[in-house]
Amino acid sequence: MNLAKRIQKVNPSLTLAIEAKAKRLKQEGVDLISFSAGEPDFDTPGIIKQAAIDSLEKGFTKYTPASGTLELRKAISEKLTRDNQLSYAPEQIVVSCGAKHALYNVIQTLIGEGDEVIILSPYWLSYPEMVTLAGGRSVILQTKLEDGYCPSVPALEKRVTPKTKLLILNSPSNPTGAVIPKELLEKIAQIAKQRSFFILSDEIYEKLIFDGKTHCSIGSLDEQTLAQTITVGGASKAYAMTGWRLGFSASPKPIAEACASLQSHSTSNPTSFAQAGYLEALKSAEAEVINMRSAFEKRRDLMFRLVSGIRGLKAFKPSGAFYLFINISETRLTSLQFSERLLDEAKVAVVPGIAFGDDHAIRASFATSEPLIEAGVARIREWLKKI
Ligand SMILES: Cc1ncc(COP(=O)(O)O)c(C=O)c1O
């Protein structure tokens, strides 16, 4: 079929496809343990659900302003000041249908034909596809397990050209869980200022940071950095609200206005009563976030300890998010072979690293219960003995 060239260049999301397959097999009764989830296994806290129900009952069922209600944008602006030391006015905030949508809007707004976008690898798989859709070129900067999956400054400097328009950062990272330390963020910001490119900081996992570490938003470093930074966040991972589809971008005003305009011609506002739920989450769900974070941290410790005890696997200890990124080089299998055989022969679902630009690794999500982590990792250990 004669589809537009634009869409012919784009690959469907492999992670969503694997998750869908794992869910389907489970529904068919297969005794499957899935480490493929990209979402918290917790339910959305009750107070958040109740706020959405109340708003529905009050008839909050109509269009809202395309960029989200002023009340919600004010609450996000206050959250950014309080939690992130970022000063964005409500007019600089666009509430979208998930952080993914916010990222898409920003990339469409900033990137055109021939623009270069530096992406750290392993990367969240939608970044390069979004850049391709916008007509830009992804310039991949490989990071290594030995460096804690943080970029080297000279390597970053080498990737910058006069065409560099944007650098995408994602700390804590999906798929590695790496957190970029503040000192390194300062050096990155320095390069962005000297070479005049924007930074798109995807902070969707900001609330899921372990070992007592704190999150640093790169835009908080100084005014000039803020003027070159677009900060993206959302409700999905912090409040277990993935299905609600709520995220936001906070940008310099001209970028925010352009994102708002794009959104006004595509989706219009995110769902009205879902916005009411997010508003409540921002106001009163902090205790729930802390409980979920400490559960994730315990699971991280468990899965890391168990996987580290398996010969042939080398796991990176993540400081954030809910994924263990595991090097499988010693098995001599590609990440796809590893994942497919593991699924068929041991009934454990993981995501092949190739989806994130690293064919020597797999991603195992610990957004699942401790007994399932123990049982699933035991299956992996036994399976590896046989291959
Ligand atoms: C790094 C990263 N950014 C953005 C998103 C999108 O989140 P949302 O569900 O809010 O669209 C995800 C979801 O998996 C993610 O892992």
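Gly38 meets the stated requirement of being assigned to a loop (DSSP other than H, G, I, E, B) and over 26 Å from Phe198 (Cα atoms).
Note on segment 242-257: residues that are surrounded by 19 or more Cβ atoms within 10 Å (Cβ to Cβ) and of a type outside the set (Gly, Ala, Ser) total 5. Residues in segment 319-347 that are surrounded by 23 or more Cβ atoms within 10 Å (Cβ to Cβ) and hydrophobic (A, V, I, L, M, F, W, C) were compared, and the one that is nearest to the chain's Cα centre (by Cα) is Ala321. Looking across segment 215-228, just one residue is of a type in the set (S, T, N, Q) and within 16 Å of the ligand (Cβ to nearest atom), and that is Ser217. Determine whether segment 278-285 contains at least one residue that is not aromatic (Phe, Trp, Tyr) and not in a helix (DSSP H, G or I). There is at least one residue in segment 278-285 that is not aromatic (Phe, Trp, Tyr) and not in a helix (DSSP H, G or I).
Residues Leu14, Leu32, Leu25, Leu56: which one is surrounded by 11 or more Cβ atoms within 10 Å (Cβ to Cβ), touching a Pro at 6+ places or on another chain (Cβ under 8 Å) and not assigned by TED's automatic domain parsing to the domain that holds Gly234?
Residue meeting the stated conditions: Leu14.
Considering only segment 63-83, I want to know if a residue exists there that is at pLDDT below 95, within 16 Å of the ligand (Cβ to nearest atom) and not in a helix (DSSP H, G or I). No, every residue in segment 63-83 fails to be at pLDDT below 95, within 16 Å of the ligand (Cβ to nearest atom) and not in a helix (DSSP H, G or I). What do you reckon, is Asp43 more than 15 Å from the ligand (Cβ to nearest atom), assigned to a loop (DSSP other than H, G, I, E, B), under 20 Å from the mean Cα position of the chain (by Cα) and at pLDDT 95 or above? Here the answer is yes, as Asp43 does meet what is asked. Just to be sure, is Thr176 over 20 Å from the mean Cα position of the chain (by Cα), among the hydroxyl-bearing types (Ser, Thr, Tyr) and assigned by TED's automatic domain parsing to the domain that holds Leu86? Taking the combined requirement at face value, the residue does not satisfy it.
Among the residues making up segment 91-133, a single one is part of a helix (DSSP H, G or I), away from the ligand (no atom under 15 Å from the Cβ) and among the charged types (D, E, K, R): Glu91.
Figure legend. Inter-residue proximity from segment 114-141: first residues under 18 Å from Ala155 (Cβ atoms), second residues crowded, with 22+ Cβ neighbours inside 10 Å and among the acidic types (Asp, Glu), beta-carbon distance below 8 Å, spacing 6+ or different chains. Indicated pairs: Ser121/Asp358; Pro122/Asp358. A residue that is more than 16 Å from the ligand (Cβ to nearest atom), in a helix (DSSP H, G or I), surrounded by fewer than 24 Cβ atoms within 10 Å (Cβ to Cβ) and not basic (Lys, Arg) cannot be found anywhere in segment 200-214. Contact map, segment 86-113: residues that are free of Cβ contacts under 8 Å to residues at least 24 places away in the same chain and more than 13 Å from Tyr127 (Cβ to Cβ) paired with residues that are small (Gly, Ala, Ser) and part of a loop (DSSP other than H, G, I, E, B), Cβ distance under 6 Å, separation 6+ or inter-chain. Pairs shown: Glu113/Gly135. The single condition among (1) farther than 29 Å from Ser152 by Cα; (2) within 15 Å of the ligand (Cβ to nearest atom); (3) among the basic types (Lys, Arg); (4) in contact with an Asp or Glu (Cβ under 9 Å, 6 or more places away or on another chain) that Lys237 does not satisfy is (1). Determine whether segment 10-20 contains at least one residue that is part of a helix (DSSP H, G or I), of a type in the set (Val, Ile, Thr) and either more than 28 Å from Met241 (Cβ to Cβ) or out of contact with any Lys or Arg (no Cβ under 7 Å at 6 or more places or on another chain) (or both). Checked against the condition, which is being part of a helix (DSSP H, G or I), of a type in the set (Val, Ile, Thr) and either more than 28 Å from Met241 (Cβ to Cβ) or out of contact with any Lys or Arg (no Cβ under 7 Å at 6 or more places or on another chain) (or both), segment 10-20 yields at least one hit. State whether the residues of segment 166-181 include one that is away from the ligand (no atom under 15 Å from the Cβ) and β-branched (Val, Ile, Thr). Scanning segment 166-181, I find no residue that is away from the ligand (no atom under 15 Å from the Cβ) and β-branched (Val, Ile, Thr), so the answer is no.
The values are calculated or read from the model by the stated rules, or taken from the named source; none is laboratory data. Quantities reported herein were computed from a predicted structural model and do not represent experimental measurements. Positions of Cβ are generated from backbone atoms using ideal geometry, with glycine treated the same way; all protein chains shown enter the neighbour counts.
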